[in-house]
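Only the coordinates and a few stated rules stand behind these numbers; no lab work does. Worth saying up front: this structure is predicted, and the values here are computed from it rather than measured. A quick note on method: Cβ atoms are made from the backbone with ideal geometry, for glycine too, and the neighbour counts reach across all protein chains shown.
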Amino acid sequence: MKKIIVSALIMLAGSTALSAAESVKIGVLYPLTGPVAQVGKDAVAAVETAIDIINNSHDIDMPLAKQKGLSGLGGAQVTIVVGDHGGKAEVGVGETEKMLNSDKVHAMFGAYYSSVTGAASQVSERAGIPWVNGESTSPKLTTRGLKYFFRVTPHDGEFTQLMFEFLNDFNSKNGGKLKSVGIIHEDTLWGSDSGGTQKRMAAEQGYEVVEKISYKAKTTTLSSEVQRLKAKNPDVLMPSSYTSDAFLFLNTAKELDYNPRLLVAQNAGYTDPKFIETMGAKAEGVITRSPFNTDLANTIPLIGKVNELFKTHSGGRDLSDVPARAFTGFMALANAINNAGSTDPKKIRKALQELDMSSESLIVPYRGVKFGKDGQNEKTRGILMQVQNGKYCTVYPFELAACELKYPMPTWSQK
């Protein structure tokens, strides 16, 4: 039965070429319900912003903005089919099968959760349909030998390398104060990969890992975990947590009076659009990695114009980490389809392999978009930002910094 299904998908993949000026249909998969629903909704709003730019004429200095539609396909409009996976891999697989079989999409895009992206992209791989990802960061996603999977964002290995570059630079300026690391992560594919990567890099960089704690992704208590961290009191704490557990961790840390001197998070819950709003003063001093912050508008002028347009699709919300990466990834996919001049999946794949977008056409500080043989963007770059006075402020790399680092982060009694 499995062979029959796969054969049917492959036959479908070979029948998706369009005549000029018809629509290009892309399947978009995100968590629109569940604990990170706002992240998913903002990502879809970012995709809608990209489609607005592509399908209409805008005075924005980036490819596909000036003309209406995809010129390489005779002005074809881009449309999307949106699916909700709710953070569940099996739901993502089912939604992908539906989009390929019933909706007959020409490419897939999404899906934030690395676990969902990993499972669902296997379906499109078997069908020979390209999948472009803008924001899933498990390093393993581009080590699977897939031919049709392409990732635009930095992965956790690259982000973690940035973190240790920051720690090393901090130490060189401050007499080597930071020597030990504590790691805490949720136990899905993303968290486990992140924690494992951090442990390996800490050893390589000469930092002692005094605790590495894995907890259930849907846990309702982190008391024992916080007590262990408080007892060991590492110089740097590195959490990898989605939204609900990031909130839970900080609330528990306050309750138990655990005061990390430096908390450097692997984004996710710490860049959720609701993070600062929900945590308030509890968020002060938290550092998180990201490829985007609105204060980069001083050096990346495109951010302002795209953000104003994004607000019209997001109900007035500003761009943040995930939607900025989703926008960038979707524009990369659209440019490849335009360059291919076709919706034939093999031609789109070839165009993705040959894509080379400059940094000047992006709203994130990547050096560009160019995929390696493994499908990973080779020109990524990230930043670290710290919550200061209720806002994210870029603090690293130092040449992009909008604020000076506050160290140590304020204690609970100071917040």
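For Lys212, the aspartates and glutamates whose Cα falls under 18 Å of its own Cα, not counting residues fewer than eight places away in the same chain, are Asp156, Glu186, Asp187, Asp193, Glu204, Glu225, Asp235, Asp245. For the range 87-166, a Kirkwood radius taken over Cα pairs fed into Stokes-Einstein (25 °C, viscosity 0.890 mPa s) yields D = 190 µm²/s.
Of the residues Phe247, Phe398, Val24, the one whose Cα sits farthest towards the positive end of the charge dipole of the chain is Val24 (charges of +1 on Lys and Arg Cβ, -1 on Asp and Glu Cβ, taken about the Cα centre). Computed about its Cα centre, the charge dipole of the range 235-280 is approximately 60 debye, with only Lys, Arg, Asp and Glu carrying charge at their Cβ. Across the cross-link table entries Lys25/Lys216; Lys41/Lys391; Lys140/Lys379, which are compared at the Cα atoms, the separations over 26 Å belong to Lys25/Lys216.
Taking the chain as a Gaussian network of alpha-carbon nodes connected by springs under 10 Å, the highest mean-square fluctuation of the residues Arg126, Arg367, Arg200 belongs to Arg200. Considering only DSSP states other than H, G, I, E and B, which trypsin sites (Lys or Arg not before Pro) in the range 148-196 qualify as loop sites with at most 13 other Cβ atoms within 10 Å? Passing both the DSSP loop test and the Cβ count: no residue.
How would the range 33-109 be classified by its alpha-carbon gyration tensor: rounded, prolate or oblate, with rounded meaning a/c under 1.5 and the a/b versus b/c comparison settling the rest?
Oblate.
With neighbours defined as other Cβ atoms within 10 Å of a residue's Cβ, the residues Glu97, Glu404 order from fewest to most as Glu404, Glu97. Averaging the sequence gap over all C-alpha pairs within less than 8 Å and six or more residues apart, then dividing by the number of residues, gives the range 218-268 a relative contact order of 52 percent.
Using the Kirkwood formula over every pair of different C-alpha atoms, what hydrodynamic radius in Å results for the chain?
21.6 Å
Counting Lys and Arg as +1 and Asp and Glu as -1 over every other residue whose Cβ lies under 13 Å from the Cβ of Ile184, the net charge comes to +1.
Taking the Cα centre of the range 51-126 as reference, the dipole from Cβ charges on Lys and Arg (+1) and Asp and Glu (-1) amounts to some 180 debye. At 7 Å along Cα-to-Cβ for each site, give me the label-to-label distance between Glu97 and Trp412 in nm. So the label points at Glu97 and Trp412 sit 4.8 nm apart. Using only side-chain charges placed at the Cβ, +1 for Lys and Arg and -1 for Asp and Glu, the dipole size of the chain relative to its Cα centre rounds to 700 debye. Considering only Leu263, Gln414, Ile337, and ranking their Cα positions along the charge dipole of the chain that arises from unit charges at the beta-carbon of Lys, Arg, Asp and Glu, the one farthest toward the positive end is Ile337. You can think of it this way: the chain between Arg200 and Thr312 has 36.0 nm of extra reach, that is 0.36 nm per residue less the Cα-Cα gap. As a proxy for reagent exposure, Ser115, Ser223, Ser359, Ser244 were ordered by neighbouring Cβ count within 10 angstrom, fewest first; the result is Ser223, Ser359, Ser244, Ser115. Each part gets one Cα centre, and for the range 124-189 versus the range 199-261 those centres are 19 Å apart. The count of lysine pairs in the range 251-345 that are at least 8 places apart or cross chains, and whose C-alpha atoms lie under 23 Å apart, stands at 4.
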